[in-house]
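Report on one structure; see the data block that follows.
The values are calculated or read from the model by the stated rules, or taken from the named source; none is laboratory data. All values derive from a computational prediction rather than experimental measurement. Backbone-built Cβ (ideal geometry, glycine too); neighbour counts: all protein chains shown.
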């Protein structure tokens with residue numbers, strides 16, 4: 001019974017977080033991903049890592065929007081991290097990817113059992129700096145990571161267009 005309440009609360013908040021990310025990308029002008037590279041790279045980074053942190057085990061990660069890992073000296077100036085998109089994906093491609101990942105997130109949360117919450121781990125490897133988190137913690141980490149970058153995207157929209165994005169208290173509140 002406690003697991004059901006935890007799953008319900010986790011989905012309400014995680015779903016709202018993803019809804020807010022989709023909302024800010026949906027509300028940017030169509031050509032904005034081409035003209036504001038910082039916004040584009042933040043949106044792409046958010047989408048890729050949302051999916052990655054939901055890939056358990058992470059070795060099974062297979063993104064719909066491909067990238068190349070580049071050394072620091074090869075990365076574009078406004079990029080975020082070393083996963084550089086192979087091209088500029090359209091706004092609709094990012095939104096579709098996020099919607100698919102949202103479904104993936106819901107399925108993972110819905111399928112959690114007491115045993116999985118305690119025993120399943122998100123483990124990248126055994127080198128220093130590799131992540132090794134219980135599933136509940138990686139879900140919370142992923143939610144925080146996604147919301148952090150969604151906040152950055154909202155700030156850029158506010159600064160560039162004086163456009164305020166709505167806040168979602170729970171999943172499915174933004175229409």
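Quick one: would you say residue 84 is crowded, with 16+ Cβ neighbours inside 10 Å, assigned to a strand (DSSP E or B) and modelled with pLDDT of 95 or more?
yes
Here's the yes/no breakdown for (1) modelled with pLDDT of 95 or more; (2) surrounded by 11 or more Cβ atoms within 10 Å (Cβ to Cβ); (3) within 23 Å of residue 11 (Cα to Cα):
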{"residue": "96", "(1), (2), (3)": "yes, yes, yes"}
{"residue": "126", "(1), (2), (3)": "no, no, no"}
{"residue": "131", "(1), (2), (3)": "yes, yes, yes"}
{"residue": "140", "(1), (2), (3)": "yes, yes, yes"}
{"residue": "145", "(1), (2), (3)": "yes, yes, yes"}
{"residue": "159", "(1), (2), (3)": "yes, no, no"}
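Can you confirm whether residue 150 is in contact (Cβ under 8 Å) with a residue 24 or more places away in the chain, buried (at least 18 other Cβ atoms within 10 Å of the Cβ), under 24 Å from residue 4 (Cβ atoms) and under 16 Å from the mean Cα position of the chain (by Cα)?
no
Hand me the list of helices (runs of 4 or more DSSP H) wholly inside segment 1-63 holding 1 or more residues that are free of Cβ contacts under 8 Å to residues at least 24 places away in the same chain and over 23 Å from residue 162 (Cα atoms).
2-26, 37-52
Suppose the filter is part of a helix (DSSP H, G or I) and at pLDDT below 95; does residue 115 pass it?
Considered against the rule, which asks whether it is part of a helix (DSSP H, G or I) and at pLDDT below 95, residue 115 comes out as yes.
Please state which one of 173, 116 is free of Cβ contacts under 8 Å to residues at least 40 places away in the same chain, under 24 Å from residue 9 (Cα atoms) and surrounded by 13 or more Cβ atoms within 10 Å (Cβ to Cβ).
Exactly one residue qualifies, and that residue is 116.
If residue 105 satisfies all but one of (1) buried (at least 19 other Cβ atoms within 10 Å of the Cβ); (2) in contact with a strand residue (DSSP E or B) (Cβ under 6 Å, 6 or more places away or on another chain); (3) more than 17 Å from residue 32 (Cβ to Cβ), what's the number of the condition it fails?
Going through (1) buried (at least 19 other Cβ atoms within 10 Å of the Cβ); (2) in contact with a strand residue (DSSP E or B) (Cβ under 6 Å, 6 or more places away or on another chain); (3) more than 17 Å from residue 32 (Cβ to Cβ) one by one, residue 105 breaks only (2).
Is it the case that residue 4 is surrounded by fewer than 14 Cβ atoms within 10 Å (Cβ to Cβ) and in contact with a helix residue (DSSP H, G or I) (Cβ under 9 Å, 6 or more places away or on another chain)?
No: the conditions fail for residue 4.
Looking only at segment 17-28, decide whether some residue is closer than 20 Å to residue 149 by Cα and more than 16 Å from the chain's Cα centre (by Cα).
Yes: segment 17-28 contains one or more residues that are closer than 20 Å to residue 149 by Cα and more than 16 Å from the chain's Cα centre (by Cα).
Among the residues of segment 137-144, is any part of a loop (DSSP other than H, G, I, E, B) and either over 30 Å from residue 26 (Cβ atoms) or free of Cβ contacts under 8 Å to residues at least 40 places away in the same chain (or both)?
no
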